[in-house]
Amino acid sequence: MRLPVFTSLRGYRAGWLRGDAVAGLTVWAVLVPEALAYASIAGVSPVVGLYAAPGALILYAAFGSSRHLVVGPMAATAALSAAAVGQVAAGKSGMFAALTVALAITTGVLALAAGLARLGFVANFISEPVLKGFIVGLALTIIVGQVPKLLGVGKGRGTSSARCGTCWRTWARRGG
């Protein structure tokens, strides 16, 4: 059995190398701050984002099916990871990073198994309004989590609306 490694490079022309090198450097310039930010959203040290990003790029280059797809950290993945791990870790900061790594590895193994089983068609059954609702809800959740840092106030506890209220009241007391 032959592994399908670097199949997207079949038919690659040497004349594309310069443009691809510039594109690679551009992706890296965007990926570094993105990886730092998304690691923070996930609740782990920003350095973890820098360690994780190259692995995704290298693995996709080796096993991916498209030369035009950009892979890397995403806000959705970071927020969902923080939510899932936060419930289990519950205040044990030492376990948070270990559980995040375990979640990432488990998710990767499941994604690999789904790919080998050719289950990509399942995504076609998720309607566009559901996807857009998920993305908007996730964006609002991330905003609610990041605004207190931007304004330099405590983020409060409880639901998103309670945290927004705490943030607003604290900011208003300081004089805006």
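Computed values, structure above
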| item | result |
| --- | --- |
| Residue within segment 88-95 that is over 17 Å from the mean Cα position of the chain (by Cα), at positive phi and among the basic types (K, R) present | no |
| Some residue of segment 45-59 being modelled with pLDDT of 85 or more, out of contact with any Pro (no Cβ under 8 Å at 6 or more places or on another chain), surrounded by 11 or more Cβ atoms within 10 Å (Cβ to Cβ) and not in a helix (DSSP H, G or I) | yes |
| Candidates L80, L150 - the one that is under 27 Å from A29 (Cβ atoms) and either modelled with pLDDT of 80 or more or surrounded by 14 or more Cβ atoms within 10 Å (Cβ to Cβ) (or both) | L80 |
| Near pairs, Cβ below 7 angstrom, 6+ apart or cross-chain, from segment 93-117 (touching a residue at least 12 places away in the same chain (Cβ under 8 Å)) to any residue that is part of a helix (DSSP H, G or I) and hydroxyl-bearing (S, T, Y) | T100/S81; L103/S81 |
| Any pair with Cβ under 9 angstrom, 6 or more apart, that starts in segment 163-176 at a residue that is surrounded by fewer than 14 Cβ atoms within 10 Å (Cβ to Cβ) and ends at one that is part of a helix (DSSP H, G or I) | R174/L151 |
| Per-region count, segment 1-35, residues in a helix (DSSP H, G or I), over 25 Å from A75 (Cα atoms) and of a type in the set (D, E, K, R) | 2 |
| Selection count, segment 89-110, where residues are surrounded by fewer than 13 Cβ atoms within 10 Å (Cβ to Cβ) and modelled with pLDDT under 85 | 5 |
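The values are calculated or read from the model by the stated rules, or taken from the named source; none is laboratory data. Keep in mind that this is a model prediction, so the values were computed, not measured. Neighbour counts are summed over all protein chains in view; Cβ atoms, including those assigned to glycine, are modelled from backbone coordinates with ideal geometry.
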